[in-house]
Amino acid sequence: MSRRAYLATHGDGLRALARDGALPADAYACVVAESDDEQDEYDAMAVAGEIAEERWGTVLVVATDTDGADVTGAVALPDVAAIHVGDELAWYAAQELDAVVADLER
C-alpha cells in the first residue's frame with residue numbers, strides 16, 4: 001500500500017531539484033505517514049516542516065509516495081507530488097517548482 005512521505009529539505013535541495021530534475025539523497029530527511037489517513041499525513045508533514053526549520057532555518061517540504069518504507073536515494077521530479085512552504089505549509093504543485101525557487105531568492 002502506498003503512503004505519503006514528506007521530505008524535509010532546504011533551498012539548495014529545491015534548487016537542485018529544479019536544475020537537475022532530482023532532489024539529491026543528501027538534501028532531505030524523510031518522514032513517512034503512518035497511514036493514508038489525512039490526519040496521519042498532516043502530522044508527518046508537520047514533523048517534516050519542524051525538521052526543516054530546525055536543521056536549515058526554513059520550512060520546505062517535498063511530498064512523494066512510497067511503499068511505506070523510508071525514501072532513500074535521489075527523488076526524481078516526476079515523483080514529486082507537492083511542495084509545502086512556510087510555517088503554514090502552503091501547498092504548491094510540482095509544476096510550480098520554478099516559482100517556489102524564485103521566491104526563495106527574494
Original post:
Does region 28-37 contain at least one residue that is of a type in the set (Phe, Trp, Tyr) and surrounded by fewer than 17 Cβ atoms within 10 Å (Cβ to Cβ)?
Top reply: no
**OP:** State which residue pairs qualify: first residue at positive phi and assigned to a loop (DSSP other than H, G, I, E, B) and inside region 16-35, second residue modelled with pLDDT of 95 or more and surrounded by fewer than 14 Cβ atoms within 10 Å (Cβ to Cβ) in any location, beta carbons under 8 Å apart, and separation of 6 or more residues or different chains.
**Re:** 21/76
Original post:
Hey, any hits in region 37-55 for a residue that's among the charged types (D, E, K, R), touching a helix residue (DSSP H, G or I) at 6+ places or on another chain (Cβ under 8 Å), modelled with pLDDT of 95 or more and in a helix (DSSP H, G or I)?
Top reply: no
**OP:** Hey, can you tell me all the residues within region 67-84 that are without any contact (Cβ under 8 Å) to a residue 24 or more places away in the chain and assigned to a helix (DSSP H, G or I)?
**Re:** 78, 79
Subject >> Output for region 29-65, where each listed residue is of a type outside the set (Gly, Ala, Ser), more than 13 Å from residue 84 (Cβ to Cβ) and within 13 Å of the chain's Cα centre (by Cα) >> reply: 30, 32, 65
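Any idea which of 67, 98 is under 16 Å from residue 2 (Cβ atoms) and acidic (Asp, Glu)?
Being under 16 Å from residue 2 (Cβ atoms) and acidic (Asp, Glu) holds for just one of 67, 98, which is 67.
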Subject >> Residue under evaluation residue 68, criteria (1) surrounded by 15 or more Cβ atoms within 10 Å (Cβ to Cβ); (2) over 13 Å from the mean Cα position of the chain (by Cα); (3) not acidic (Asp, Glu), criterion not met >> reply: (1)
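Each row is one residue, and each column tells you yes or no for (1) assigned to a strand (DSSP E or B); (2) closer than 14 Å to residue 11 by Cβ; (3) out of contact with any helix residue (DSSP H, G or I) (no Cβ under 8 Å at 6 or more places or on another chain).
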position	(1), (2), (3)
65	yes, no, no
88	no, no, yes
95	no, no, yes
106	no, yes, yes
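The values are calculated or read from the model by the stated rules, or taken from the named source; none is laboratory data. If you're wondering where the values come from, they're calculated on a predicted model, not measured in any experiment. Don't worry about glycine lacking a Cβ; one is built from the backbone with ideal geometry, like all the others, and counts go over all protein chains shown.
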